[in-house]
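Written below as structure tokens is the structure these notes are about.
The values are calculated or read from the model by the stated rules, or taken from the named source; none is laboratory data. Here the structure is a predicted model, which is why all the values come from computation and not from measurement. Every residue, glycine as well, gets a Cβ built from its backbone with ideal geometry; the counts of neighbours run over all protein chains shown. Protein only, heavy atoms only, side chains kept; ligands, DNA and RNA dropped before computing areas. Shrake-Rupley method; radii C 1.70, N 1.55, O 1.52, S 1.80 Å.
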Amino acid sequence: MTPSGITYSVQPGWAEPPADPAPALQGGIRCDVAVVGGGYAGMAAALRLAERGVDVVLLEGGYCGGGASSRNAGQLTGAPAGDPEMLSALYPRRFPRLVHLAEGAVRFTEELMARLDTDCEYRPTGNIGAAVSKGQLRKARRKARILKKAGADAEFGDARDLGLPDSFLGGVHERAGGLLNPGAFALGIREALLRSGARVFEGTPVRAVDPQGARVVVRTAGGHVRAERVVLATNAYSRALAATPSRLAAPVFVSLVETEPIGPGRLEATGWTSGAGIATQHNLMESYRPTPRGTVVFGVRRLQPGRGAVREREPGAAVVTDLVRGFHARFPSLRDIAPQRAWGGWVALTPSWLPVAGEAARNVFYMIGCNGHGLAQAPYLGTLLADRLAGDETHEDLAAVWRKRPSFAPSPVFNAPALRAVWAVDRLADRLNSTGHAGPGKRDPS
Ligand SMILES: Cc1cc2nc3c(=O)[nH]c(=O)nc-3n(C[C@H](O)[C@H](O)[C@H](O)COP(=O)(O)OP(=O)(O)OC[C@H]3O[C@@H](n4cnc5c(N)ncnc54)[C@H](O)[C@@H]3O)c2cc1C
């Protein structure tokens, strides 16, 4: 049954659009560096460049932070995106460097929050890769081993030790990071950027980026920028720009649901005493996090690929119904709690599951594809790219994802039938688990 009374929104779930939009670009200007896209990556890059005295312009199609950056679940995670088993098998030598990057990104983001003095409601609980079946428990144990071997601050534990809700069996606690209000974080960076020496233009979609001799011309509806160098920080919206390397990343739509406020003590009564963010070990995870407003935000289970130019949209009713079903399965004692709001956003998935950065054409740089772990990694990599453009040696964490050539393999996994099939496999595993075929889904009360 489709749950009723839910507000479906095209807007981010965490913050209202700013009341003071920056002006749109009109006419022609010049600068050292033009940054296209004002999410965490683009804003952090522009902020760093401005702080280092570089003449920087940022062009944002909507408002800064209005993309994935204020739509995400707010789980600041210190592990690489993607399955560590797969990544460590595919990239055995690079994997420890990816772990180093992921934990460095968390430290950077914590310091940035403190420096900007924005109230992001941050709680450094870490996040738990949690298991709902014996198979998932084995996977979490392997994951903990692989992450630890690569240098991560991660530990396997049972559900009680980790303070997980009763329907979970245990998991891997990734201790770096925690939970925050991602919208407040995005607007905090935006405010710092507006106070800096950067020139910021909102409501300014970039239509073309053309290298011309020693300069690059960035064209918008009302004007153009002649820059020495350009940074593309356009994330899941990148396909619309011809300057983006082809097949760089596929846009997929991710949906989130928020419950009504849950009465005091009821979350703890489910066993969720840690208050840490949770991501299950399904092929397509379920995520759960408590919020300071007394609600739970949960999401994913299904990914919907984007076709053509990506536009803001509401989550579909079928996806939301499926997410609510998952919430009821994991929190059976909260079945009376009504889901209240649903929103979503676009994530860029790269064929390799790794973030990537590089030079798309002469003096046109890109940085993209944190694959759903960009809350920490996008501002970090954006800042490291800015440091490189300001003259520093390439930082080892940026070097870990730097591409020598802008060519990318096709990614058949991100088409609609393949993503539906992955979802179906996860639901089949859930059904087998709940009927006892694949082991108990409940914690042993002894
Ligand atoms: C529903 C959801 C849940 C998520 N949960 C988490 C989580 O819990 N933890 C985590 O680490 N990550 C999470 N993520 C991922 C994270 O939000 C992203 O990786 C991160 O925000 C990416 O930042 P960005 O700056 O690269 O992109 P974005 O924030 O998407 O910013 C890109 C900006 O570029 C602008 N733009 C694009 N094209 C143009 C153009 N041609 N001209 C001008 N402007 C342009 C867009 O308007 C947009 O503002 C989630 C994402 C979503 C959508």
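At-a-glance table
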quantity: Single residue of segment 28-53 satisfying the filter (away from the ligand (no atom under 16 Å from the Cβ) and within 28 Å of the chain's Cα centre (by Cα)) that is least open to solvent (accessible area, probe 1.4 Å); calculated: A50
quantity: Candidate set: segment 263-278, residues that are in contact with a strand residue (DSSP E or B) (Cβ under 8 Å, 6 or more places away or on another chain) and open to solvent by 20 Å² or more (accessible area, probe 1.4 Å); chosen: the one nearest to the ligand (Cβ to nearest atom); calculated: S274
quantity: Scope segment 340-371; condition among the charged types (D, E, K, R) and over 12 Å from L232 (Cβ atoms); matching residues; calculated: R341, R362
quantity: Filtered residue count, segment 339-355, keeping only those that are open to solvent by less than 40 Å² (accessible area, probe 1.4 Å) and more than 22 Å from the chain's Cα centre (by Cα); calculated: 1
quantity: Residue match in segment 82-103 (condition: farther than 30 Å from E312 by Cα, in contact with a Lys or Arg (Cβ under 7 Å, 6 or more places away or on another chain) and in contact (Cβ under 8 Å) with a residue 12 or more places away in the chain); calculated: yes
quantity: Counted residues, segment 355-368 - those being within 13 Å of the ligand (Cβ to nearest atom) and either assigned to a loop (DSSP other than H, G, I, E, B) or among the small types (G, A, S) (or both); calculated: 2
quantity: Output for segment 181-197, where each listed residue is open to solvent by 10 Å² or more (accessible area, probe 1.4 Å) and touching a strand residue (DSSP E or B) at 6+ places or on another chain (Cβ under 7 Å); calculated: L194
quantity: Matching strands (runs of 3 or more DSSP E) fully within segment 1-97 where at least 1 residues are closer than 30 Å to T295 by Cα; calculated: 75-77
quantity: Neighbours by Cβ (under 6 Å, 6+ apart or cross-chain): first from segment 15-40, under 23 Å from A376 (Cα atoms); second among the polar types (S, T, N, Q) and crowded, with 21+ Cβ neighbours inside 10 Å; calculated: A15/S70; V36/T234; G37/T234; G39/S69; G39/N235; Y40/S69
quantity: Answer from V257, V231, V209, V218 - the residue that is in contact (Cβ under 8 Å) with a residue 40 or more places away in the chain, crowded, with 21+ Cβ neighbours inside 10 Å and more than 26 Å from the chain's Cα centre (by Cα); calculated: V218
quantity: Residue identified as buried (at least 24 other Cβ atoms within 10 Å of the Cβ), within 16 Å of the ligand (Cβ to nearest atom) and either of a type in the set (K, R) or closer than 27 Å to A34 by Cβ (or both) among A152, A105; calculated: A105
quantity: Residue satisfying condition, being within 12 Å of the ligand (Cβ to nearest atom) and open to solvent by less than 20 Å² (accessible area, probe 1.4 Å), within set L241, L334; calculated: L241
quantity: Close pairs (8 angstrom Cβ cut-off, 6 or more residues apart or separate chains): among the small types (G, A, S) and at pLDDT below 95 in segment 340-364, surrounded by fewer than 20 Cβ atoms within 10 Å (Cβ to Cβ) and not in a loop (DSSP other than H, G, I, E, B) anywhere; calculated: S352/L90; A361/P211
quantity: Only one of A19, A130 that is surrounded by fewer than 20 Cβ atoms within 10 Å (Cβ to Cβ), aliphatic (A, V, I, L, M) and away from the ligand (no atom under 14 Å from the Cβ); calculated: A19
quantity: Residue match in segment 369-388 (condition: at pLDDT 95 or above, open to solvent by less than 10 Å² (accessible area, probe 1.4 Å), part of a strand (DSSP E or B) and of a type in the set (A, V, I, L, M)); calculated: no
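Results for (1) over 16 Å from A150 (Cα atoms); (2) in contact with a Phe, Trp or Tyr (Cβ under 8 Å, 6 or more places away or on another chain), shown as yes or no for each residue.
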| position | (1), (2) |
| --- | --- |
| D32 | yes, no |
| G38 | yes, yes |
| D55 | yes, no |
| S70 | yes, yes |
| G82 | no, yes |
| A89 | no, no |
| R97 | no, no |
